[in-house]
Amino acid sequence: MKLEELLNDFEYEIIGNKDVDITTLVYDSRKVEEGSLFVCMVGAAFNAHDFIDQVIEKGAHAIVISQDVPLKEEMTYIRVKDTRIALALLSCSYFNYPSKELKVVGITGTKGKTSSSLMIKSILEHAGKKVGIIGTNGTFIGDIHEPTANTTPESYELQRIMRKMVEHDCEYCVMEVSSQALKMNRVAGIEFDYGVFTNISPDHIGPNEHKDFAEYMACKKHLFDFCQVGLFNKDDEHFEEFTKDVPCKVLTYSIEKDSDLKALHIELYNENGELGITFDTKGLINASFKASMPGKFNAYNALVAIMICYLIDVPTKDIQNTLPQVHVLGRGQVMHVSPDYSVLIDYAHNGVSFESIISTVEQYNPNKLIVVYGSGGKRSKTRRYESGEVVAKHGGYSILTADNPRGEKIVDICKDIVVGIDKYHGEYTIIPDRKEAIYHALDMACKGDVVLLLGKGHETYMIGEDEVTRHFSETEVLEEYKKERGLNAQD
């Protein structure tokens, strides 16, 4: 294509010839080839303006810059204020605006993004819709899975992924939108049909992230500048600030206040080892729902999914039928192993997240709490002490094992965790092999017990003591256990 065809939707100054052929759009200097348009990105630890000579040698036909650089007569330069915004808008043009061919849902907030997005995806798919998803667990387009380095990938990758969704006949794109993505303008140019605000609390504040909570909140709020309709959690203490002066239509959900959709009569249930909630809704939909996810807080995530699906005309009956079947991968994921006890997989890997999932499970009054966990190698030892402390404080039985030891000895990591356990005189055993540890936990589980597998969550790998990454999936281990013990879905 011609360079001029890509230069839409943003202000620029051109130095050189606009009538040049472009073969690829590139922001990584290592990927430049003959005919590339190269965008000079500036990061915390790098500045691509420093690599312009190499880029020219590799055959780039044009370069997007935001800083003064030595100009070469034969080269075309496009000067802009912000190369990140330029990359986002160039990518929209390069991939021919895929967001215009999809219904796009963007979800932002400190917690709940992954759970809400996966609920929406599941309900839409059960209603016969084809959905693509972008988030913490990677990108999913039907059965195609691509891992992603960030919750919300770079703008070029986002546009590439959305174009791929269109090519695979997706009607919907559900996207987790991180504060960093909004700060770095990765979603600029995307037309969001719906935006969702789940909640906000201090997070991602520090060097190379957000300078303070005010900036963190402002970045989150920026999503609603791109949306037609915004869904807001009315119970969040920052609700008023989030909805003030937003240009989109405002709809609200709540479990405490009058809103466009409110959850009432939230009850916990434990049926045949499955933990979940039931609730009624009032407002846009007046109906009863059941969700197979533990904890009353999941009513918020369910409300988001119900509301989005209602707005895109999914029949209430379809939502009611699907919600009980939704299990969010690695986030309080209920796994059916036996009708006598409950098994949950969760990504919790520090004291705060341990406290959250254990407190949630305690609402169901388990007979005994059995917790299989470890701690990551080459990470803060404080995290190890805190996790052991939390489990012991709640009277849990700890089975200490591997969790990405990354070159450290598993037993040494476990000994650090024991320091925390000993503060509350907790019971524990150490079984370095994680599969063996899980089997041990399940074999000792009795009626009314809850087995928590913490730390790995959605991950399907283990980084070993030798620093080699190998395949490891807790869901697969549980299926193997059931097969070996003669258990099945009806037991």
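For the set K2/K58; K456/K482; K103/K257; K81/K103, the pairs lying more than 23 angstrom apart at their alpha carbons are K103/K257; K81/K103.
Any number yet on Rg/Rh for segment 347-491, C-alpha, Kirkwood? Write out the running numbers ahead of the final one.
Working: Rg = 14.6 Å, Rh = 15.3 Å.
Reported Rg/Rh (Cα atoms, Kirkwood Rh): 0.95.
When each of the peptides 93-100, 65-72, 81-88 is scored by the mean number of other C-beta atoms lying within 10 Å of its residues, the order from highest to lowest reads 81-88, 93-100, 65-72. Could you look at the chain and say what percent of its accessible area is carbon and sulfur, using a 1.4 Å probe and all protein chains? So the carbon and sulfur contribution to the accessible surface is 47 percent.
So how do 247-255, 327-335, 108-116 stack up, highest first, on mean other-Cβ count within 10 Å?
Working: 247-255: 18.2, 327-335: 21.7, 108-116: 23.7.
The packing order, highest mean first, is 108-116, 327-335, 247-255.
Highest average first, the peptides 421-433, 281-293, 184-196 ordered by how many other beta carbon atoms sit within 10 Å of their residues are 184-196, 281-293, 421-433.
Would you compute, from DSSP H runs of 4+ residues alone, the mean residue ellipticity of the chain at 222 nm, taking -39500 (n - 2.57) per run and dividing by the full residue count, rounded to the nearest 500? Before the final figure, lay out the partial values.
On the way: 15 runs with 150 residues, N = 491.
Computed mean residue ellipticity for the chain: -9000 deg cm²/dmol.
Quick one: which residues, 5+ away or cross-chain, put their amide H under 5 Å from the amide H of V64? H built at 1.01 Å from N. So V64 has HN proximity to F38, V39, C40, I78. Counting only Cα atoms, segment 40-113 measures 49, 30, 22 Å along its principal axes, largest extent leading. For segment 39-53, the Karplus equation 6.51 cos²θ - 1.76 cosθ + 1.60, evaluated at θ = phi - 60°, returns couplings of 9, 7, 8, 10, x, 5, 10, 8, 9, 5, 4, 6, 10, 4, 4 Hz by residue, with Gly and Pro reported as x.
Over 30 Å between Cα atoms, which of K221/K381; K282/K393; K31/K72; K129/K183; K378/K423 qualify? All intermediate terms of the calculation are to be shown ahead of the outcome.
Working: K221/K381 35 Å; K282/K393 39 Å; K31/K72 21 Å; K129/K183 32 Å; K378/K423 23 Å.
In this structure, K221/K381; K282/K393; K129/K183 exceed 30 Å between Cα atoms.
Values of log10 I(q)/I(0) for segment 87-164 across q = 0.13, 0.25, 0.28 Å⁻¹ run -0.40, -1.35, -1.47, by the Debye formula with one identical scatterer at each alpha carbon and no solvent. Out of these labelled values of Cα extents along the principal axes in Å, (i) 77, 55, 42; (ii) 81, 50, 44; (iii) 195, 56, 47, which was calculated from the coordinates shown here? Recomputing Cα extents along the principal axes in Å here picks out (i).
Per residue, how large is the accessible surface of segment 377-479? Use a 1.4 angstrom probe and give square angstrom. Before the final figure, lay out each step's value.
Working: 4630 Å² over 103 residues.
Value returned for segment 377-479: 45 Å² of accessible area per residue.
With a Förster radius of 51 Å applied to the beta-carbon distance between V20 and A287, the computed FRET efficiency rounds to 0.30. Summarising the label geometry, the points placed 7 Å from Cα in the beta-carbon direction at D443 and E480 lie 1.5 nm from one another.
Whole number in Å², please: accessible area per residue of segment 261-353, 1.4 Å probe, ligands, DNA and RNA not counted.
Working: 3340 Å² over 93 residues.
Normalised by residue count, the accessible surface of segment 261-353 is 36 Å².
Cysteines of the chain lacking any other cysteine Cβ under 4.7 Å from their own Cβ: C40, C92, C170, C173, C219, C309, C414, C446. Taking the Cα centre of segment 9-144 as origin and assigning +1 to Lys and Arg Cβ atoms and -1 to Asp and Glu Cβ atoms, the resulting dipole is close to 1000 debye. Couplings 3J(HN,Hα) for segment 163-180, derived from phi with the Karplus relation 6.51 cos²θ - 1.76 cosθ + 1.60 (θ = phi - 60°), are 5, 5, 4, 4, 5, 9, 6, 5, 9, 10, 10, 10, 10, 7, 10, 7, 5, 5 Hz, where x marks Gly and Pro. Farthest toward the positive end of the dipole of segment 284-417, out of F354, L303, Y341, is the Cα of F354, where the dipole comes from beta carbon charges about the Cα centre. Its Cα centre serving as origin, the chain has a Cβ charge dipole (Lys and Arg +1, Asp and Glu -1) of approximately 700 debye. Look at the dipole of the chain built from charges on Cβ: of I52, C170, L90, the Cα furthest out on the positive end belongs to C170. As a test, work out the antiparallel percent of DSSP beta bridges whose residues both lie in the chain, rounded to the nearest 5. Taking every DSSP beta bridge within the chain, about 40 percent pair in antiparallel fashion. Couplings for segment 383-394, taken from phi via the Karplus curve 6.51 cos²θ - 1.76 cosθ + 1.60 with θ = phi - 60°, read 4, 5, 4, 5, 5, x, 4, 4, 4, 5, 4, 8 Hz in order; Gly and Pro are left as x. Amide H contacts of V337 (H built 1.01 Å from N, in plane; Pro and chain starts excluded): V343 sit under 5 Å, all sequence-distant by 5 or more or on other chains. For segment 360-382 versus segment 91-130, the inter-centroid distance based on Cα atoms is 32 Å. When the chain is described by a simple charge dipole with +1 on each Lys and Arg Cβ and -1 on each Asp and Glu Cβ, the residue from T243, P366, G195 located farthest towards its positive end is P366. Magnitude of the charge dipole for segment 125-229, about its Cα centre and with charges confined to Cβ atoms of Lys, Arg (+1) and Asp, Glu (-1), is about 140 debye. The relative contact order of segment 75-170, computed from alpha carbon pairs under 8 Å that lie at least 6 residues apart in sequence, is 30 percent.
The values are calculated or read from the model by the stated rules, or taken from the named source; none is laboratory data. No experiment lies behind these values; they were computed from the predicted model shown. Don't worry about glycine lacking a Cβ; one is built from the backbone with ideal geometry, like all the others, and counts go over all protein chains shown. Side chains are part of the model used for accessible areas, which takes the heavy atoms of the whole protein and leaves out ligands, DNA and RNA. Shrake-Rupley method; radii C 1.70, N 1.55, O 1.52, S 1.80 Å.
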